Amino acid sequence: MKILVIQLARFGDIYLTWPTLRALHRTYPEAEIHFLVREKFNFATDGLQNVQVHALPTPKILGPMLNDKPDLNASEAELTDWLKTLDVGWDAILNLSFSPFSSFLTDFLSRENTLVKGYTRHGDGFLNIPDDASAYFYAQVGIGRDNRFHLADVFAMIADVELQKTDWGFEGTRESIELEQPYVVVHLGASQAEKRYPIKYFRKVLRELSSRRVYLVGSKDEKTLAESFADLSHVKSLVGETSLNQLFSVIESADLVIGADSAPVHIAAHTNTKVLNLSFSTVNFWETGPISDRSVVVHADQPEDLSPELVVNTARAMLSSQTLPKEAISLSENSGPRFKSEASFCWKVIQALYTQADYPTPIDVATISGVKRLLEVSDMALEQLAILKQDLGSKTALQILTAIDDALPQIAAAAPELGPVIRWFETERLRIPPQDVVHTFKRTHELFQNLQTIAQVLVQDAEPNFDELQRQGLERLREIETELPNCALSFRLYQTAKAEPMLQRLLNHLTFFDSNGLHHLGSTKVQSGQQVIQDWSRSYGDYREILNQLIAAFQKQDYVYVADLIEYEISECLSHWRTQLVKFDTSMLA
Amino acid sequence: MKDLEEQLKGALQRLETSTKKIVETRGYGKDAARLRMLIEIIKEQLKNEDPRHPARPVR
């Protein structure tokens, strides 16, 4: 049996694919396992055994089209030649790359009997997601999504293998270096600038770790970063001076590795060296963070927001096995997600969608409003599909179904907690292959029925939490009212650079009232607050009119009028809202 | 660097035109797939060869 595993992402992902390759070898010991990576990251396969490595020669393929006289035919010929070396009749192709190129390649190399997992293409060239695990990735993994599984585990799910502890490790030849024990390894760099911790903060951290020898590691490109530490006698730079095999040895013998989301953190997973991962919002640490036992993450949205004191205190606690600061997040010893995380509504929904767990109870008013809309939309879609079943040419039914497609992302935007459901639904629709109308119709009908069932389950358990809504509403109002006078004054003085961010914050706060469906409260079943609800709806209408005028005045650069509207109209409107919100709360409590 | 980017963009445009013609006349097959692969390799280069883009543009 010949299995091709495609991993065309960066080398961090290549290291995260190693365990899946080993699990494949363990599961299918007789199989030939081939591994395709980019030429540029080929070195990240050193230390892998029982695998035949292939490289995508991007420079060779693109070379002819970058000559003085670009030759596209020659580039195509290079690609064709390379494809021939790979087109050998695979029994299975596992594409773990999630990129458009890899999906076309997977389809190209597949034959009728090839088992394909991961992104590929339908017969008409459109994206095909044949397996559930890849569909899960498409719908739920990445920044802004709610997946909690590590990417290494997602790769194993796609390959349909169970990972074991022994699947992590380095099988290459170790090249040790003489280093002073005990020591800490620090990687200053990161694959992207946004993931990099500021050097001035690193200086503060390393100054405080003077009781240990600290070795800096990194690539040749990062040598200048290390120069900032030349005056710290306990810090020695190995940046750009170690081979990959040496780096494995250096990391393996370290007491601790400190670094952002980058190669040393992934290498530490294979040497089981504990990691203090400095994580920022450009990555999800639960997806690509450390794997080694007793690893810890300290997280901030921006690198500048992560205090050096927290990093120092966490590192010290890890080195002396003492209690971690409460902000530090440790690796979970339980099965499932590798990091302990709050059981958010979205994660519970994902578990319900994919593992048949129970659906959570919606309490957020915007979510409840969204669930009701989802139910309306699925009811309407099923009605239109029933009409189409009788009359395939019904233009009205088709128009309504198109409008429903447009409405779903709007529901997700207004009720973010429903994002996982809508992304699941859209992904499943994408998976419907090009085929005859009857099959497409049947599958679409089934999907809308599933969506309807999910909405019914969610709506029947809905319990709006008005106390929390009232608390958040009042807090927002307080923030708006504090900034409002400064914002108006700045517009009046034509200090637009100062005024515009304030206006943006004001609008963001106001959006909360929209997105939480406060103007829809009249449709809830709360009888005791009825009078208040009606008042609220009236003032909401006034506010919309004023807001339209405000935006029009801003676009015309009529800043004095903008200031007037903020100072008098918006201000009065907010004051009215405050009264209503407090009254609403009082009546609720009564 | 700018020239390189311009060259890649020019190649991309020509390949997209050719692919469209092939798909319109012969449908999606091996030839169109090869051209789509070239197109995607170029797009990856234009994004600094970062293949971890959101899956959304895939289709």
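General remarks:
- Tilt relative to chain A, helix A:466-492 - C-alpha long axis, 0 to 90 degrees, to 10: 90 degrees
- Taking amide H positions as modeled 1.01 Å from N, with prolines and chain starts lacking one, the residues under 5 Å from A:Ile93 and 5 or more places away or on another chain are A:Leu4, A:Leu115, A:Val116, A:Lys117.
- Placing +1 on each Lys and Arg Cβ and -1 on each Asp and Glu Cβ, with no other charges, gives region A:314-391 a dipole about its Cα centre of roughly 440 debye.
- Positive-end residue, the protein assembly as shown charge dipole about Cα centroid, Cβ charges, pick of A:Leu385, A:Ala552, B:Tyr28: B:Tyr28
- Top positive-direction residue, dipole computed over region A:246-326 with Cβ charges, set A:Leu278, A:Ala268, A:Ala254: A:Ala254
- Dipole magnitude for the protein assembly as shown: about 540 debye, using +1 per Lys or Arg Cβ and -1 per Asp or Glu Cβ, origin at the Cα centre.
- Overall form of region A:177-298 per C-alpha gyration tensor (a/c, 1.5; a/b vs b/c): rounded
- Average beta carbon contacts from partner chains per residue of A:56-66, 10 Å cutoff: 3
- Cβ-based charge dipole, chain A, positive-most Cα from A:Gly12, A:Val235, A:Leu24: A:Val235
- HN-Hα J in Hz across region B:5-18 - Karplus 6.51, -1.76, 1.60, θ = phi - 60°, x for Gly and Pro: 5, 4, 4, 5, 5, x, 4, 4, 4, 5, 5, 5, 5, 4
- Dipole size of region A:380-504 about its Cα centre, with +1 on Lys/Arg Cβ and -1 on Asp/Glu Cβ: approximately 400 debye, rounded to the nearest 20.
- In degrees, nearest ten, helix A:437-460 long axis to first principal axis of chain A (Cα): 70 degrees
- The A-B contact accounts for approximately 3500 Å² of buried accessible area, totalled over both chains at a 1.4 Å probe radius.
- Rounded if a/c under 1.5, otherwise prolate or oblate - region A:226-279, Cα gyration tensor axes: prolate
- Long-range amide H partners of A:Arg213 with built H, under 5 Å: A:Val184
- Measuring against 19 Å, Cα to Cα, the residue pairs A:Lys165/A:Lys274; A:Lys60/B:Lys30; A:Lys40/B:Lys43; A:Lys389/A:Lys442; A:Lys60/A:Lys84 contain A:Lys60/B:Lys30 as the ones spanning a longer distance.
- Amide proton proximity set for A:Arg121, modelled H, under 5 Å, gap of 5+: A:Asp107, A:Asn128
- Cα gyration tensor shape for region A:265-313, rounded if a/c is under 1.5, else prolate or oblate: oblate
The values are calculated or read from the model by the stated rules, or taken from the named source; none is laboratory data. Bear in mind that the values here come from a model prediction, so they are computed numbers and not experimental data. Cβ sites come from the backbone with ideal geometry, for glycine too, and all protein chains shown count toward neighbours. Surface accessibility is based on the protein's heavy atoms, side chains included, excluding ligands, DNA and RNA. Shrake-Rupley method; radii C 1.70, N 1.55, O 1.52, S 1.80 Å.
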